[in-house]
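What follows is a single structure, written as structure tokens, with notes after it.
What follows draws every value from the coordinates through simple rules; no lab data is involved. In this text the structure is predicted, and so the values were computed from the model without any measurement. Virtual Cβ from ideal backbone geometry, glycine too; neighbours counted across all protein chains shown.
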Amino acid sequence: MDFLAILAEPKTTGPLWLTIKTLAAAGVLHLVGGVLLGYYLTTGRGALRSAVDFLVTLPLVFPPIATGFILLMILGRAGIVGEHLPIDVVFSFTGVVLASFVAGMPLMVKPLVAALQGDVKQLSETARVLGKSQWQTYWLVLLPVVKRNVAAGWFLALGRSLGEVGITLMLGGNIIGRTNTLSLEIYNAVFSGEFDRAIVLSVVIGFFSLIIFAALKRLSAV
């Protein structure tokens with residue numbers, strides 16, 4: 001097996017670059033969305049807060065392929081939301097990014113919420129006594145204290161996004177040259193009998209996973 005030759009093939013580099021772009025876009029969404037959702041889930045009250053918590057947690061316990069199907073029904077051209085959108089979400093790069101975002105979000109939000117509901121609550125109460133608003137307390141006091149939890153959740157979310165298949169298959173469609181990420185391309189290579197290419201793709205994903213693992217180990221050692 002000529003590893004480098006297979007790695008340089010367009011049908012290998014295409015999914016690789018698509019995956020890198022997807023992780024970059026989903027990573028930004030995870031960071032922004034995770035921090036905002038962490039704020040809401042630790043300060044919100046009532047049925048809406050419970051509903052948001054349920055939706056955030058759902059991808060952890062609901063089969064990815066079923067999650068993708070529900071999103072397909074909602075965001076498709078004839079979907080409740082999709083028919084009113086100015087762009088096509090399904091079978092596009094946007095759909096691939098959305099799939100990665102949904103898959104990884106619970107792993108971003110849950111560690112952050114757990115940290116915010118822990119010992120740092122005393123800091124929150126102190127800041128409020130000193131006249132800080134709830135918003136100021138969150139951004140200026142709590143987030144700097146739990147920044148390691150934010151970073152750990154972010155890397156976990158990226159790792160989950162890297163290996164996402166089920167939701168991506170539904171929203172992205174596994175269109176060759178457009179929405180076939182590394183994970184989906186491994187399936188394509190095995191299905192077509194290109195086992196050498198499947199091995200190369202698996203090694204590439206393994207390399208990314210190793211980087212994420214090393215980052216998490218470094219965070220836990222600090």
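Scanning the stretch 51-64 for residues that are over 19 Å from V96 (Cα atoms) and loosely packed, with under 12 Cβ neighbours inside 10 Å turns up A51, F54, V61. Kindly indicate whether any position in the stretch 80-93 is β-branched (V, I, T), in contact with a helix residue (DSSP H, G or I) (Cβ under 6 Å, 6 or more places away or on another chain), under 29 Å from N149 (Cβ atoms) and buried (at least 20 other Cβ atoms within 10 Å of the Cβ). Scanning the stretch 80-93 turns up no residue that is β-branched (V, I, T), in contact with a helix residue (DSSP H, G or I) (Cβ under 6 Å, 6 or more places away or on another chain), under 29 Å from N149 (Cβ atoms) and buried (at least 20 other Cβ atoms within 10 Å of the Cβ).
N180 meets each of the listed conditions (1) surrounded by fewer than 20 Cβ atoms within 10 Å (Cβ to Cβ); (2) under 12 Å from P15 (Cα atoms); (3) touching a residue at least 40 places away in the same chain (Cβ under 8 Å); (4) in contact with a helix residue (DSSP H, G or I) (Cβ under 7 Å, 6 or more places away or on another chain) apart from (1). Residues of the stretch 120-155 that are over 22 Å from the mean Cα position of the chain (by Cα), within 18 Å of Y40 (Cα to Cα) and not in a helix (DSSP H, G or I): V120, K132, S133. Condition first: over 17 Å from L156 (Cα atoms), in contact with a Ser or Thr (Cβ under 7 Å, 6 or more places away or on another chain) and outside any helix (DSSP H, G or I). Can you find one or more residues in the stretch 43-66 that meet it? Scanning the stretch 43-66, I find no residue that is over 17 Å from L156 (Cα atoms), in contact with a Ser or Thr (Cβ under 7 Å, 6 or more places away or on another chain) and outside any helix (DSSP H, G or I), so the answer is no.
So which residues in the stretch 77-102 are closer than 16 Å to L18 by Cβ and in a helix (DSSP H, G or I)?
Going residue by residue through the stretch 77-102, those that are closer than 16 Å to L18 by Cβ are 91-101.
Result: F93, T94, G95, V96, V97, L98, A99, S100, F101.
Against the conditions (1) acidic (D, E); (2) over 29 Å from G79 (Cβ atoms); (3) in contact (Cβ under 8 Å) with a residue 12 or more places away in the chain, E194 satisfies every one except (3). Going by the structure shown, is G159 among the small types (G, A, S), free of Cβ contacts under 8 Å to residues at least 60 places away in the same chain, touching a helix residue (DSSP H, G or I) at 6+ places or on another chain (Cβ under 8 Å) and not in a loop (DSSP other than H, G, I, E, B)? Yes; evaluated as a whole, the condition is true for this residue.
This table checks each residue for (1) of a type in the set (S, T, Y); (2) within 17 Å of N174 (Cα to Cα).
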position	(1), (2)
T13	yes, yes
A51	no, no
L55	no, no
L72	no, yes
V81	no, no
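Here G206 passes the criteria (1) farther than 30 Å from Y138 by Cβ; (2) assigned to a helix (DSSP H, G or I); (3) touching a residue at least 12 places away in the same chain (Cβ under 8 Å) except the one numbered (3).
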